[in-house]
1. I need the full set of residues from region 274-303 which are of a type outside the set (Lys, Arg) and modelled with pLDDT under 85, in order please.
2. Just to be sure I understand the filter: pairs with C-beta atoms under 6 Å, separated by 6 or more residues or on different chains, first member in region 160-176 and more than 13 Å from Gln60 (Cβ to Cβ) and in contact (Cβ under 8 Å) with a residue 60 or more places away in the chain, second member outside any strand (DSSP E or B) and not aromatic (Phe, Trp, Tyr). Which pairs pass?
3. Is there any pair linking a residue in region 113-124 that is without any contact (Cβ under 8 Å) to a residue 40 or more places away in the chain and under 16 Å from Asn162 (Cα atoms) to one that is of a type in the set (S, T, N, Q) and surrounded by fewer than 10 Cβ atoms within 10 Å (Cβ to Cβ), with Cβ under 6 Å and at least six apart or on different chains, and which?
4. State the number of residues belonging to region 141-156 that are touching a residue at least 24 places away in the same chain (Cβ under 8 Å) and either within 23 Å of Arg100 (Cα to Cα) or surrounded by fewer than 16 Cβ atoms within 10 Å (Cβ to Cβ) (or both).
5. Taking Pro38 as meeting all but one of (1) loosely packed, with under 14 Cβ neighbours inside 10 Å; (2) in contact with a strand residue (DSSP E or B) (Cβ under 8 Å, 6 or more places away or on another chain), write down the number of the exception.
6. Of all residues in region 99-143, which are part of a loop (DSSP other than H, G, I, E, B) and in contact with an Asp or Glu (Cβ under 8 Å, 6 or more places away or on another chain)?
7. Identify the residue in region 52-102 that is among the acidic types (Asp, Glu) and surrounded by fewer than 24 Cβ atoms within 10 Å (Cβ to Cβ) and, among all such residues, is farthest from Val210 (Cα to Cα).
8. Of everything in region 188-212 that's out of contact with any Leu (no Cβ under 9 Å at 6 or more places or on another chain) and not in a loop (DSSP other than H, G, I, E, B), which residue is nearest to Thr170 (Cα to Cα)?
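The values are calculated or read from the model by the stated rules, or taken from the named source; none is laboratory data. Remember, it's a predicted structure, so these values are computed and weren't measured experimentally. A quick note on method: Cβ atoms are made from the backbone with ideal geometry, for glycine too, and the neighbour counts reach across all protein chains shown.
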Amino acid sequence: MKFQYFITFIILISFGFSTNAQIGGQNTYQFLNLPVSPRHSALGGKNVTLENYDPTSALQNPALINDEMDRNLSVNFMNFIGDISYGTASYAHFFDRRTRVIQAGITYVNYGSFNGFDENAISTGTFTGNEAALSVGYQQQLGFSDFHVGANVKLITSTLENFTSFGVATDIGLSYINKNQNLIISGVIRNLGYQIKPFNEIRENLPLEVVIGISQKYRKLPFRWHITFENLQEWDIAFGNSARDEVDLNGNVIADDPSFLANIFRRTIIGIEFFPDKGFNLQFGYNLRRGEELRIEEVRAFAGLSAGFSLKLNKIRLNYSYTRFNRAANASFFGLTIDLDRYGY
């Protein structure tokens, strides 16, 4: 297996989808693309090259499933915007030398309580909304090469008031993991699936997403960097903002029209992690699309920035991240990873 095979895979997943796969509220089950752990959130919200002991990484890229995840349990909770609460849990188990590691995880979001009214504005009481996805993942090394392929199968459920929906999806990932150079390059097709039971009579598309990323840790330097490109299934993700239109001296309106480079930058996530293999590490990230779309003119709000840390206490690792959306909104993400094998379970 040679490196050009990986490049071919990247080209295929980047251009093999039509623009029917949209972003930003035009699909159902959008919660599937939220960050899966504090560490991912701190590094910009998305990272498909984070290969380590944490089985939660497999929720974003199943090709990262590895033996270090064996008997590790990860539980994460985010106090999201408003009354929304969001969490993930993941566990991996090594069965035998042939089957190796299988990972299972769950993603859950609760949208809080809502006041209901009928068409005559008469109160019908309160109702809630929540969504969940149960996934099982598996990874296989391709021969004796540095390439690993993996897949997740996800069962999805969503409830809003008395409306329910069910769906099924899969994630397919391919990773090039060079241990000698501490280099990882990954490509993932996420949420490729079908809504089995729609909320009403209209069946909706799932939030299909194509992501590629690269990361590397230098042997003599205590940090790992990553660059991730999201939403490669669609080119035109940058949109004009009428609030940023300009008027020249003659009264002509110059519309805010994102450039070619804007479409490149708005799919880019960058991050850096210091002391990634130690008992204490720090993470910093910047999501360029979030920063651009949520920034306020002439106001420094630091939108798009995120940071976090991880602290190891014996067999337990504590994780925390802080994400900045704008002056009015931010989110904290808490996580706990436990090595059950060292506890004798």
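1. Taking region 274-303 first, the residues of a type outside the set (Lys, Arg) are 274-277, 279-288, 291-294, 296-299, 301-303.
Asp277, Gly291, Glu292, Glu293, Leu294, Ile296, Glu297, Glu298, Val299, Ala301, Phe302, Ala303 - these are the residues of region 274-303 that are of a type outside the set (Lys, Arg) and modelled with pLDDT under 85.
2. Here the result reads Ser165/Pro198; Ala169/Leu206; Leu174/Ala63; Tyr176/Asp146, each pair linking region 160-176 to a residue that is outside any strand (DSSP E or B) and not aromatic (Phe, Trp, Tyr).
3. Phe117/Ser123
4. Looking only at region 141-156, we keep the residues that are touching a residue at least 24 places away in the same chain (Cβ under 8 Å), and these are 142-143, 145-152, 154, 156.
Add one more test, that the residue is either within 23 Å of Arg100 (Cα to Cα) or surrounded by fewer than 16 Cβ atoms within 10 Å (Cβ to Cβ) (or both), and what stays is 142-143, 145-152, 154.
Counting residues in region 141-156 that are touching a residue at least 24 places away in the same chain (Cβ under 8 Å) and either within 23 Å of Arg100 (Cα to Cα) or surrounded by fewer than 16 Cβ atoms within 10 Å (Cβ to Cβ) (or both) gives 11.
5. (1)
6. Within region 99-143, the subset part of a loop (DSSP other than H, G, I, E, B) is 99-100, 118-122, 142-143.
If the condition is that a residue be part of a loop (DSSP other than H, G, I, E, B) and in contact with an Asp or Glu (Cβ under 8 Å, 6 or more places away or on another chain), then Arg100 is the only one that fits.
7. The residue in question is Asp96.
8. Pass one, region 188-212, residues out of contact with any Leu (no Cβ under 9 Å at 6 or more places or on another chain): 196-198, 200-205.
In the following step, the residues that additionally are not in a loop (DSSP other than H, G, I, E, B) were identified as 196-197.
On the way: Ile196: 14, Lys197: 17 Å.
Top of the filtered list is Ile196.
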